[in-house]
Structure formats: structure tokens, C-alpha cells
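Participant: Below you will find the structure I want to go over with you.
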Amino acid sequence: MRILIDIREAHEYKMGHIPNSINVCKDLLELVPEKYLNKKDTYILYCDSGPNSLKLSNALNKEGYHTTSLKGGYSKWLKDNPTL
């Protein structure tokens, strides 16, 4: 199962996000990943433009989670999906 996670702040998520994503801010995923993630599923993380989710993804993978970062983040997704 792949789960899409927006790691931006709640107010940014409310202003717009990728459909079917959930919002868990970066700070919470860094502090208590076990509360939001399990080591069986795969997670796709995204931020506004990519660097924050890439850094977090690398750190979580070192802890045994299965994550990847959406290249270009929400900004690139918006460019690629202008009608949504």
C-alpha cells in the first residue's frame, strides 16, 4: 500500500494539496514517526518544492521506514496538473 503524505503545515495543506493525500507536518514525522507510519507500508512524502521531503525521507528510511520524496513537490505537481 502506498500512502501520500503532505508534510507542509496544516494551513498550507488547507490552501491546496494533492487529492487523496493526508497531512502530517514535518516536525511530527521527525519526532514521532511511529505514531503515523508503520514499516510495512510505503509512503510518498511531499513538501512545497522537494528538498524538505527528500531530507525527511532519507532520515526515515535510515530508521527502517519505506519512503520516497515526490520530486519537485506540490509546486511541480500543480504545474503538471493545471486543471485540478
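The values are calculated or read from the model by the stated rules, or taken from the named source; none is laboratory data. Computed from a prediction, not measured in an experiment: that's the story for all the values here. So basically every Cβ, Gly included, is an ideal-geometry build from the backbone, and we count neighbours across all protein chains shown. SASA here: full protein model, heavy atoms, side chains in, ligands and nucleic acids out. Shrake-Rupley method; radii C 1.70, N 1.55, O 1.52, S 1.80 Å.
Participant: For Tyr65, are the conditions met, namely being more than 16 Å from Arg2 (Cα to Cα), open to solvent by less than 50 Å² (accessible area, probe 1.4 Å) and in contact (Cβ under 8 Å) with a residue 12 or more places away in the chain?
Facilitator: No; evaluated as a whole, the condition is false for this residue.
Participant: Name the single residue that is surrounded by the most Cβ atoms within 10 Å (Cβ to Cβ) among those in region 1-41 being among the β-branched types (Val, Ile, Thr) and within 11 Å of the chain's Cα centre (by Cα).
Facilitator: Among them, the one singled out is Ile7.
Participant: Please identify the pairs in which a residue from region 36-52 that is within 18 Å of Lys76 (Cβ to Cβ) has its Cβ atom under 7 Å from the Cβ atom of a residue that is in a loop (DSSP other than H, G, I, E, B) and open to solvent by 60 Å² or more (accessible area, probe 1.4 Å), counting only partners at least 6 apart or on another chain.
Facilitator: Final answer for the pair search is Gly50/Lys71.
Participant: Same structure again: Mind listing whichever residues of region 68-84 are open to solvent by 20 Å² or more (accessible area, probe 1.4 Å) and in contact with a strand residue (DSSP E or B) (Cβ under 8 Å, 6 or more places away or on another chain)?
Facilitator: Selection gives Thr68, Ser69, Leu70, Tyr74, Trp77.
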